[in-house]
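The values are calculated or read from the model by the stated rules, or taken from the named source; none is laboratory data. Fair warning: this is a prediction, and the values are worked out from it, not measured in the lab. No Cβ is skipped: glycine too gets one built from the backbone with ideal geometry, and neighbour counts run over all protein chains shown.
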Amino acid sequence: MKKYVITGKIVLSFILEDEQRDFLLSPDDDQYLESNGTTVWLVTIKDGIKYESITTANVIDVALERNDIKEVE
């Protein structure tokens, strides 16, 4: 599983309370992204909760090219 910090702005979609919602994410020390190549998760550091995005995983490649995220180890 790869881990990414948000360095710019990225939009991810989630299903919350039976509705699709889009969120514009900005750099924040309290969250990061994880991806296994097919799914993207938003992970909160404070409570360790993982939110599964319904956005296709190719958003990772696009965000990397735009320098909106950075892979970390």
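A few points about this structure:
- Selection from the range 20-44 of residues that are of a type outside the set (Val, Ile, Thr) and closer than 16 Å to Ala57 by Cβ: Leu25, Tyr32, Leu33, Glu34, Ser35, Asn36, Gly37, Trp41, Leu42
- Residue within the range 9-21 that is assigned to a strand (DSSP E or B), surrounded by 11 or more Cβ atoms within 10 Å (Cβ to Cβ) and over 12 Å from the mean Cα position of the chain (by Cα) present: yes
- Qualifying residue in the range 6-26 (condition: of a type outside the set (Asp, Glu) and touching a helix residue (DSSP H, G or I) at 6+ places or on another chain (Cβ under 6 Å)): yes
- Members of the range 57-70 that are of a type in the set (Asp, Glu) and without any contact (Cβ under 8 Å) to a residue 12 or more places away in the chain: Asp61, Glu65
Residues checked against (1) over 9 Å from the mean Cα position of the chain (by Cα); (2) modelled with pLDDT of 95 or more; (3) surrounded by 14 or more Cβ atoms within 10 Å (Cβ to Cβ):
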| position | (1), (2), (3) |
| --- | --- |
| Val40 | no, yes, yes |
| Lys46 | yes, no, no |
| Glu52 | no, yes, no |
| Ala57 | yes, no, no |
| Ala63 | yes, yes, yes |
| Arg66 | yes, yes, no |
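- Selection status of Leu33, surrounded by 14 or more Cβ atoms within 10 Å (Cβ to Cβ) and either assigned to a strand (DSSP E or B) or not aliphatic (A, V, I, L, M) (or both): yes
- The range 36-73: number of residues that are in a loop (DSSP other than H, G, I, E, B) and basic (Lys, Arg): 2
- Contact annotation: residue pairs with Cβ atoms under 7 Å, 6 or more positions apart or on different chains, pairing a residue in the range 36-56 that is charged (D, E, K, R) with a partner that is in a loop (DSSP other than H, G, I, E, B) and surrounded by 11 or more Cβ atoms within 10 Å (Cβ to Cβ), are Glu52/Thr39.
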